[in-house]
Amino acid sequence: MDRCVVLVDAGYLLGAAASLLAGEPSRSRITVDHAAVVRGLRERAERETGRPLLRIYWFDGAPDRVPQPEHRRLRVMPRVTVRLGALTRTDGRWAQKGVDAAMHAELSELARNRACSDVVLVTGDGDLLPGMMSAKEHGVAVHLWAIQAADGDYNQSEDLVAEADERRVLDREWITRAVQPRDAVGPCAPQPPRPEIAAILSAPLPESALPTATPKPVPADEAAPAKNGHAPERADEDAPARSGVPTPKDLAGLAGGRGPAGGHPTHPGPPAPPPAATLRWSSERGWVERPAAEAPDPGLPTLAQLTTAEQRWADREEDITTVSGDPFEVGQVFARRWIERLSDTSALRTLSAEYPRVPHRIDGELLRYAARFGLLAHKDDQIDEHDRYAIRAGFWREVDARSVAEHAPSAPGPSSAPGSPG
C-alpha cells in the first residue's frame, strides 16, 4: 500500500542527540519534547517519501518492561505505537534487551503483509541488516535516517548504510527543535534539589532542643574511698551521659521510671511516674515533637473512597497526558485530588493536624499511586528514599497551599509550623 511507516530506535535517537548536544550519550543530560519529536518525524517522513504516514513505531527499553512517564504520553499520541524491551544494568551501565529483535520482527511483518510501500528506519544498529534486506525483497523502499554525529563521523553500522535505499541525516538544527541540553555546572553535576526536599533530608536539630545531661551530685559518703580500698558501688555507673535525640533504648529506660527521683533500691522513696517521652520527627519545617506512642488513625477517607468511576477515568487520562512523573509533582497531584473531592472541609484540618505524619492508609495509597510513574523502583539495588521524601514534601506543600486558600483555622500542621517557607 502507498503509505510510509517510521520505526524509531529511541535509544539511538536520544543517545546520539545527547552526544551531539551535551557531549555524552546519557539521556539524563537532555530534555525532550516528545510531541515535537513525533510531529517532526511525521512531517519529514511524509515529505521525503511522498506517502501519507501509516504509523510511527517507538521502540525503547524500560525496567521490567514497565512503561515510564514518557512512554505513557507517547502511546496515547495519534499514529504512535510504543514497543518496549527490557532495560538492564550490567557493570554500571544500562543496556536495552529485546529492542533490536522487536524492530526486526515488526519490519519483516510490515513488509511481508505489504502494509506499506516505504519504511523509515531511525537506528544505527547493524543487527537490523537482515530485516532491512528482507523488507527490500518484498518490494519495500527502505530509508535510513541518522542523527548527526558529534565528531562528524558515522554513528551507524556501515553495512546498514550501504544496504539502505535512501539515507538522510537529521542535523543539529532539526534536533534542537525538540531536544535541548540540560543546564549543568559540570559534566556530571546533579540537578539541585528542591528546597523543601533538601530541608527534609538535612533538617538540623536546634541546640535549644538538645537535652543536656547534667552530672548527678555525688554524696559525701560516696566521694571518699571505701575501707577496703574499692570505689563504692553506684547505681548509675553503667549509664553514661547522653546528648542528642533519645534512642529507643533511652526511651525504654525513661519509661521504666529510672529518673533522679525513681525508686532505686539504694535511694528509698516512692517511685516516680514514668515521664512523657517524646520522639522528634524530622520534616521540612525542622524538628517536630510528637508522642512516642503510635497516634491513632484519624479515620480520614482515602482517595479511592472519594473518587467516582468517571473521575477515575479522567484521573488516568490526566496521569498519562499531563503529569510528568516528577516525585514532588506526583505528591501535589494526589493531594489536590483528595482535597477537591472532600465533602467535609473539617477533614482537611484534621489532616493538617497530623503533620508531618501522613496517615497510614493515605500514605500507602500515595506511594502506590507514585509507583504508576516508575517511582519507588529499585535503583542500584537500593530503594530511592529521596523520591519518597519528595513525594511527601509535594503532598504537604499542596495541603499547606489549600489550607491557606480555604482560610482554615491555625493548627499544628504545615500551615502553622515554625519556619514555614513563604
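The values are calculated or read from the model by the stated rules, or taken from the named source; none is laboratory data. Since the model is a prediction, treat every value here as computed from it, not as a measurement. Cβ coordinates were reconstructed from backbone atoms using ideal geometry, including for glycine residues, and neighbour counts include every protein chain displayed.
Remarks
- Count of region 128-150 residues, restricted to those that are crowded, with 18+ Cβ neighbours inside 10 Å, within 38 Å of the chain's Cα centre (by Cα) and more than 16 Å from Val8 (Cα to Cα), is 1.
- Under the condition of being farther than 26 Å from Ala135 by Cα, among the small types (Gly, Ala, Ser) and surrounded by fewer than 16 Cβ atoms within 10 Å (Cβ to Cβ), the residues counted in region 50-109 number 2.
- Failed item in (1) surrounded by fewer than 17 Cβ atoms within 10 Å (Cβ to Cβ); (2) at pLDDT below 85; (3) over 18 Å from Val66 (Cβ atoms), with Arg402 passing the rest: (1)
- Restricting region 301-324 to residues that are under 16 Å from Ile339 (Cβ atoms) and either assigned to a helix (DSSP H, G or I) or of a type in the set (Asp, Glu) (or both), the residue that is modelled with the lowest pLDDT is Glu318.
- Qualifying residues in region 151-168 (those that are surrounded by 14 or more Cβ atoms within 10 Å (Cβ to Cβ) and within 17 Å of Arg47 (Cβ to Cβ)) - the one nearest to the chain's Cα centre (by Cα): Arg168
Every residue, every condition in (1) part of a loop (DSSP other than H, G, I, E, B); (2) in contact (Cβ under 8 Å) with a residue 40 or more places away in the chain; (3) assigned by TED's automatic domain parsing to the domain that holds His143, yes or no:
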residue: Leu14; (1), (2), (3): no, yes, yes
residue: Leu20; (1), (2), (3): no, yes, yes
residue: Pro25; (1), (2), (3): yes, no, yes
residue: Val37; (1), (2), (3): no, yes, yes
residue: Ala45; (1), (2), (3): no, yes, yes
residue: Phe59; (1), (2), (3): no, yes, yes
residue: Leu87; (1), (2), (3): no, no, yes
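- Residue-level analysis places Leu367 among those that are part of a helix (DSSP H, G or I) and not charged (D, E, K, R).
- For beta carbons closer than 6 Å, sequence separation of 6+ or different chains, a first residue in region 315-328 that is on the phi < 0 side of the Ramachandran plot and a second that is hydrophobic (A, V, I, L, M, F, W, C) and part of a helix (DSSP H, G or I), the qualifying pairs are Val323/Val333; Pro327/Ala390; Pro327/Ile391; Phe328/Ala390.
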